[in-house]
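Q: This is the structure I have questions about; it appears just below.
The values are calculated or read from the model by the stated rules, or taken from the named source; none is laboratory data. Bear in mind the structure is a predicted one, so any value in this text is a computation, not a measurement. Cβ placement follows ideal geometry from the backbone for every residue including glycine, while neighbour counts extend to all protein chains displayed.
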Amino acid sequence: MPRTTVKSDEVEDVLTRIRLIRTRLVISSALLLVAGLIVFAGVPYVCRLQDGFASSQRLVGTYQVLDPATFDLGEPTEIDAHRETTVDSATQSTALVTSTTVVNLPSGAQSTKYSYAVNRYDYGQIRPPKGGDVLNQRGGMVISRPTASGAGDFKVYNPAIDSTQPMTYTGSSQIGGRAVNNFTGTASGVLADRQLAAPYEAAIGVLANTGDGTTIPKLLLEMIVADLPLRYAGRLAAILPALPNEVSVKLTVVDTTSLALDQQIGAPITLSGDQTTILNVFDDFTLTPVMPLSRIALHSDADSTAASAQYMSDNGRKLTMFGTYLPIGLTAAALALAISVAVSVVRFRRSSTPVASATAASDPDPGDRHTTRYTRAGAALP
C-alpha cells in the first residue's frame with residue numbers, strides 16, 4: 001500500500017519556525033512588560049524627591065512699615081530675600097525638608113526656618129520618622145506638586161498663620177519657554193509663628209510702655225483713635241467705651257500667594273507673596289483691626305526665574321525621553337514583533353496545507369489509522 005511520510009529536514013524546518021515564533025512572542029511580551037514598568041514604576045521612581053536635593057531662589061520687592069505720623073503704612077522701600085529648600089535626610093518614602101527664608105529689611109535681616117516631612121513620591125505630607133521634629137503642614141503643599149498635576153485647585157501650607165491656603169487656577173502661560181499653570185490664593189489669620197511675632201510684640205511693648213506686647217492701655221487707644229486711617233477708626237471708636245483698661249491685642253496676617261507651576265514637572269518656576277501684618281484689639285472673642293504694622297511684597301527675580309525654567313527644561317527633556325519616547329519605542333517594537341508573528345503563522349499554515357493534502361491523498365485506505373495519524377501529525381505540527 002502506498003504511504004507518504006514527512007522527511008526529517010521538513011520536520012526540522014517546522015520546528016525551527018515554531019521556535020522562532022515562540023521566541024518573537026516572548027520578546028514582544030517582555031518589551032510590553034518593560035514599557036509598562038517604565039511608565040508605572042520607573043517614572044515615579046526617577047521623579048521622586050531626591051536625597052540631598054537643594055534649591056534656592058532670590059526674591060525682590062518692597063517693604064512698608066508703620067508711619068507714626070499717620071498710623072498707616074509709609075512709603076515702600078526696595079528689599080530682597082533669599083529662600084533655600086533642602087532635603088536633609090531621606091528614607092525609602094520620606095524626606096525631611098527644611099525651608100529657610102532670609103529677608104533683608106532696612107532694620108536688619110529677618111530669618112525664618114521651617115521643617116517638614118514630605119512623601120518622596122507625591123510630595124504630600126507624611127508621618128515623620130521617629131524623632132523627626134517637623135511642622136504639621138495640615139495637608140498643604142510645601143515644596144512641589146507631583147508631575148503633570150494639572151490645573152486642579154489645591155492648598156499650600158502657610159506657616160505664618162499655621163493653616164492651609166487655597167490656591168485657585170487662574171490660567172496658563174509661558175515662562176522661559178516652559179508652559180506653566182498659574183495659581184493664586186489669599187488667606188488670613190492670627191499670626192502664629194513666634195519667629196515673626198516676637199519683633200512686633202517687642203515694638204508694641206515699647207509703644208505701650210507696659211506689658212509684654214500682648215496688651216495695650218485703653219487710654220492709648222483713646223488718644224490715637226482720631227488719628228487712625230478711616231478704614232480702622234470707625235470700628236475702634238464704636239467698641240472703645242466697652243473695652244477694659246488693659247486691652248488684649250493680637251497680630252493678624254493677610255497673605256496673598258501666587259505660583260507659576262511647570263505643567264510637566266509640577267514645581268514652581270516663579271512665586272510671589274504679599275503679606276500685611278495688622279494690629280488688632282481682641283475683646284469678647286472678636287478681633288477689631290486698629291492699624292497696619294508692615295507689608296512685605298516679594299517675587300522671584302529674573303535670574304532665579306531663568307534658572308528655574310532651565311532646570312525644568314533639562315529635567316523635562318530627560319523625563320520625556322525616559323517616560324514617553326522610550327515606552328512608545330518599546331511598545332512599537334513589541335507590536336512589530338507581534339505582527340511578524342501573525343504573518344509567520346499565516347504563512348506557516350498555508351505552507352502546511354499542501355503537505356497535509358498530499359499525505360491524505362496517498363493513503364486511500366482509511367482503515368490504516370496508524371499511518372494516517374503519523375503523516376498528519378508530521379505535516380501539521382502546531
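Q: Over 53 Å from the mean Cα position of the chain (by Cα) and either modelled with pLDDT under 90 or surrounded by 12 or more Cβ atoms within 10 Å (Cβ to Cβ) (or both): which single residue out of Gly367, Gly316, Gly329, Gly323 fits that description?
A: Of the residues listed, the single one that is over 53 Å from the mean Cα position of the chain (by Cα) and either modelled with pLDDT under 90 or surrounded by 12 or more Cβ atoms within 10 Å (Cβ to Cβ) (or both) is Gly367.
Q: Which of the residues spanning region 211-230 are surrounded by fewer than 13 Cβ atoms within 10 Å (Cβ to Cβ) and touching a residue at least 24 places away in the same chain (Cβ under 8 Å)?
A: Correct list: Leu219 only.
Q: Go through the residues of region 121-128 one by one and say whether even a single one is among the polar types (S, T, N, Q), assigned by TED's automatic domain parsing to the domain that holds Ser55 and either surrounded by fewer than 19 Cβ atoms within 10 Å (Cβ to Cβ) or touching a His at 6+ places or on another chain (Cβ under 7 Å) (or both).
A: no
Q: A further question on this structure: Out of all the residues in region 90-131, which are assigned to a strand (DSSP E or B), touching a helix residue (DSSP H, G or I) at 6+ places or on another chain (Cβ under 8 Å) and of a type outside the set (Lys, Arg)? Reasoning before the result, please.
A: As a first pass, look at region 90-131 and keep what is assigned to a strand (DSSP E or B): 90, 94-105, 108-119, 125.
Adding the requirement that they be touching a helix residue (DSSP H, G or I) at 6+ places or on another chain (Cβ under 8 Å) leaves 110-113.
If the condition is that a residue be assigned to a strand (DSSP E or B), touching a helix residue (DSSP H, G or I) at 6+ places or on another chain (Cβ under 8 Å) and of a type outside the set (Lys, Arg), then Gln110, Ser111, Thr112 are the ones that fit.
Q: Determine whether region 190-209 contains at least one residue that is more than 30 Å from Gly266 (Cβ to Cβ) and acidic (Asp, Glu).
A: Yes, there is a match, as at least one residue in region 190-209 is more than 30 Å from Gly266 (Cβ to Cβ) and acidic (Asp, Glu).
Q: Kindly check whether there is at least one residue in region 147-157 that is farther than 23 Å from Arg83 by Cα, surrounded by 15 or more Cβ atoms within 10 Å (Cβ to Cβ) and hydroxyl-bearing (Ser, Thr, Tyr).
A: yes
Q: Another one. Quick one: Arg138 ticks every box in (1) assigned to a loop (DSSP other than H, G, I, E, B); (2) within 30 Å of Pro199 (Cβ to Cβ); (3) touching a Gly at 6+ places or on another chain (Cβ under 7 Å) except a single one, so which number is it?
A: (3)
Q: For region 167-196, how many residues meet the condition of being touching a residue at least 12 places away in the same chain (Cβ under 8 Å), part of a strand (DSSP E or B) and of a type in the set (Gly, Ala, Ser)?
A: So the answer is 7.
Q: Next question. Evaluate the following for Gly205: is it over 23 Å from Thr186 (Cβ atoms), in contact with an Asp or Glu (Cβ under 9 Å, 6 or more places away or on another chain), free of Cβ contacts under 8 Å to residues at least 40 places away in the same chain and outside any helix (DSSP H, G or I)?
A: Judged against the criteria, Gly205 is not a match.
Q: Moving to a separate point now. If you take the residues in region 37-84 that are modelled with pLDDT of 95 or more and of a type in the set (Lys, Arg), which one is farthest from the chain's Cα centre (by Cα)?
A: Arg58
Q: Is it the case that some residue within region 81-99 is assigned by TED's automatic domain parsing to the domain that holds Thr270, in contact (Cβ under 8 Å) with a residue 40 or more places away in the chain and farther than 17 Å from Ser144 by Cα?
A: yes
Q: Considering each of Gly189, Gly176, Gly205 in turn, give the residue that is small (Gly, Ala, Ser), in the same structural domain as Leu73 (by TED's automatic domain parsing), in contact with a Ser or Thr (Cβ under 6 Å, 6 or more places away or on another chain) and surrounded by 13 or more Cβ atoms within 10 Å (Cβ to Cβ). Give the derivation first.
A: Details: Gly176 fails: in contact with a Ser or Thr (Cβ under 6 Å, 6 or more places away or on another chain); Gly205 fails: in contact with a Ser or Thr (Cβ under 6 Å, 6 or more places away or on another chain).
Exactly one residue qualifies, and that residue is Gly189.
Q: Quick one: which strands (runs of 3 or more DSSP E) sit completely within region 213-331 and have at least 1 residues that are closer than 30 Å to Met141 by Cα? Let's see the steps before the verdict.
A: Numbers: elements: 215-217, 246-262, 268-283, 286-300.
Counting at least 1 such residues, we get 246-262, 268-283, 286-300.
Q: Tell me, yes or no, whether region 273-292 has at least one residue that is in the same structural domain as Thr62 (by TED's automatic domain parsing) and under 30 Å from Ala41 (Cβ atoms).
A: No, there is no match, as no residue in region 273-292 is in the same structural domain as Thr62 (by TED's automatic domain parsing) and under 30 Å from Ala41 (Cβ atoms).
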